[in-house]
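Written out below as structure tokens is the structure these notes cover.
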Amino acid sequence: MSRELFLGVDIGTYSSKGVVTDAGGAIVATASTPNTVDFPTPGQAEQDPEHVWWAGLCEVTRRLVEQLGASRSPDDIAAVGISAIGPCMVPMDSKSQPLRPGILYGIDTRAVCEIEEIEDTLGPDELLGWSRMELSSQAIGPKIAWYRRNEPDLFGLTLRIGTATSYLVFRLTGEFAIDHHQAAHFIPLYDPANQCWSERYSAGICDIKLLPKLGWPTDIAGAVLEEAAIQTGIPRGTPVTIGTVDALSEAVSVGAIDSGDLMIMYGSTGFFILTTNEPVVRTPLWSLPGAFPKSNVLAAGMATTGALTRWLAEFSFDDGVEGKDEIASRYETLFNEAEQVAPGSDGLLMLPYFSGERTPINDPLARGVIAGLSLAHTRGHVFRAALEGIAFGIRHNLEYLAEEAPVVRCVAVGGGTQSQSWLQLVTDVTGRAQLLPDQTVGASYGDAFLAAIGTGVRKIRDLPDWVRHRDEIRPDVDQKPFYDVRFREYLDLYNATRPVVHDLANDTAGKGGS
């Protein structure tokens, strides 16, 4: 049998998922395992590279290999594609061991002071002209500067600084690499015009020699090492791609790679990728290389979408029961209760900024606000208000994106697509139809396709044959006038509460450490 199976693994915030596909995109095996996130103090979010990222990958790949059965063999795996949460920051020592927990993407807002200092030193206009993006909690450069300032002993031992994806690829292959899409978030260490690392603004951050070599998600980084093969079940010598961040693989997984394609990702965080013909610079959005050479995307991201619904699912039930099945049961209960509540949640309005917010407000000190509560409101009202608040946040981002480049079609992906009512709500609030693919497995499915390209079995032009759409969610035009008014109230609520919320956030940060 020819080696034409492709294994994709995505290490997400709250779960790790994997698939094995054949060369036509048919899924042969799937597996997943839950992840944990640590929040040491308000504004900080971390994960353990060894016990979360690597352990999650090993668990998923072993289960995938076990599912291949008698008719298939692990030796039929032609290549492996990897994606993970990002951009993150993980430093490693001379023995390639992580020196500390990985500092997560934009939901970790610890580097506020470093952002301000870099902006004051270089100037926001210079930064924007250089990086095509403004500094935000999504940027890795300030996180490295925070690490250097606050943990100097560890920084002195640092030999490599990478992301979750580059760490995992390194564990598999011994090769330290990163794709251009993720590298562009290492502001101001990456030169997007020339697509290379640059020392121009590296003073006070780090030596660029600590950073991974650059490539594209489909480039082969190396082959699975003997020790990694023992731990993962993937045969020694199997090619592994450089991989990318989960959101970009999500876009690939649903075929959103042509100019005007907009991916809406319903994950622990919300993410949006709009493919454009040329680089587009638009603050506060992110202008980035795409998945392939000469491709460009305009991206945006919310800090807490699925993470907020999960928090409510855990917070709303005092039964002491945990586990995947129990969480799923809680979600079913909450969505059922929310569906019984009229649009507008009977006067409740929620700002979903429970971990600060990335785009478009770029406000790490933003926090969640629930306005209009009364004793008549129920758990279902609060949950619907959260769903509506997230939908307003999605609309806010989509309006910024659409101002800069045409949006031809929207494609939905991620765990949130399992709820038809949530998809309909977002469609009604935004006024934009959403395509729903046959496969909403997500990033790991895109990783498998990227691996197939990396081996030459598939071409980029083959993606329409890999991805098929089964449904289109259309907006209820009768809801538009109501949601237009409520959206303006949503924006007003943020502006009105911002000074008080910032004071509260600063008070908490002062008590919680640096």
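Rule-based calculations on the coordinates, nothing more; no lab input. All figures in this text were calculated on a predicted structure; none of them were measured in a lab. Heads up, the Cβs are rebuilt from the backbone with ideal geometry, glycines too, and the neighbour counts pull from every protein chain shown.
Which pairs in the list K213/K459; K143/K213; K17/K209 are over 26 Å apart, alpha-carbon to alpha-carbon?
Pairs exceeding 26 Å: K17/K209.
Counting Lys +1, Arg +1, Asp -1, Glu -1, what net charge surrounds M263 among other residues with beta carbon under 14 Å of its beta carbon?
So the environment of M263 carries a net charge of -2.
Using just the helices of the chain, give the 222 nm mean residue ellipticity in deg cm²/dmol: DSSP H runs with n ≥ 4 each add -39,500 (n - 2.57), and the total is spread over all residues, rounded to 500.
-11500 deg cm²/dmol
Mean separation of Cα pairs under 8 Å and 6+ residues apart, divided by the residue count of the chain: what relative contact order is that in percent?
16
What does a probe at D465 reach in the range 1-33, counting residues whose amide N is under 16 Å from the point 7 Å along Cα→Cβ?
Only 4-6, 22-27 fall inside the zone, counting backbone N under 16 Å.
If packing is taken as the mean number of other Cβ atoms within 10 Å per residue, what is the order of 261-269, 198-206, 348-356, 77-85, highest first?
Averaged packing, sorted descending, gives the order 77-85, 261-269, 348-356, 198-206.
Set the Förster radius R0 to 35 Å, insert the Cβ-Cβ distance between S198 and K95 as r into 1/(1 + (r/R0)^6), and round the FRET efficiency to 0.05.
0.75
Sort 449-462, 377-390 by the packing proxy (mean of other Cβ within 10 Å over each peptide's residues), most packed first.
In decreasing order of mean packing, 449-462, 377-390 become 377-390, 449-462.
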